[in-house]
Amino acid sequence: MSCDPVHDLKLENKTNRKIDVLYSPMLDQQELEGQLTSDVEYGGQALNLVTLVPTKTIRIGRVSARYNPKPSDIHLAYLEIRLEHDTLKLVGQNAIFSTLQKVEKLDWRIIIRTE
């Protein structure tokens, strides 16, 4: 058993409304933290969809044995976040990684908020 520190990279809904998150490839149920998913086709691409209500999170990556994540720690290649009047599309691990924010020492997140 390893004693290396392991921490999650998360996507968090800090809005006061639900948001739709389209992504690929598929995340496992543990990463989705119990959220239900559906399969959708968008622009000829097969994607997964999860709706996050306010304050909910999903895990989009994992870091072990070091404190700072890198793009290869992201488990997704495509991430699209749909809010009521805005959509954020991130294609590729580097683009998704570029939106991570450090919240605490071992807590890195993409935080979706509205003013």
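Where a number appears in this text, it was derived from the coordinates with a stated rule and is not lab data. All figures in this text were calculated on a predicted structure; none of them were measured in a lab. No Cβ is skipped: glycine too gets one built from the backbone with ideal geometry, and neighbour counts run over all protein chains shown.
Couple of notes before you dig in:
- Here the range 29-107 is treated with +1 on each Lys and Arg Cβ and -1 on each Asp and Glu Cβ, and its dipole about the Cα centre works out to around 380 debye.
- Volume in Å³ per residue [convex hull over Cα atoms, computed for the chain]: 111 Å³
- Residue-span extension gain [GLN101 to THR55] - 0.36 nm each, minus C-alpha spacing: 14.9 nm
- Taking the Cα centre of the range 3-48 as reference, the dipole from Cβ charges on Lys and Arg (+1) and Asp and Glu (-1) amounts to some 320 debye.
- Of the chymotrypsin sites (Phe, Trp or Tyr not before Pro) in the range 43-100, those whose Cβ has at most 16 other Cβ within 10 Å and which sit in DSSP loop: TYR67
- Relative contact order of the range 1-57, taken over Cα pairs closer than 8 Å and 6 or more residues apart, is 45 percent.
- Mean separation of Cα contacts under 8 Å (6+ apart) over length of the range 1-112, as relative contact order %: 34 percent
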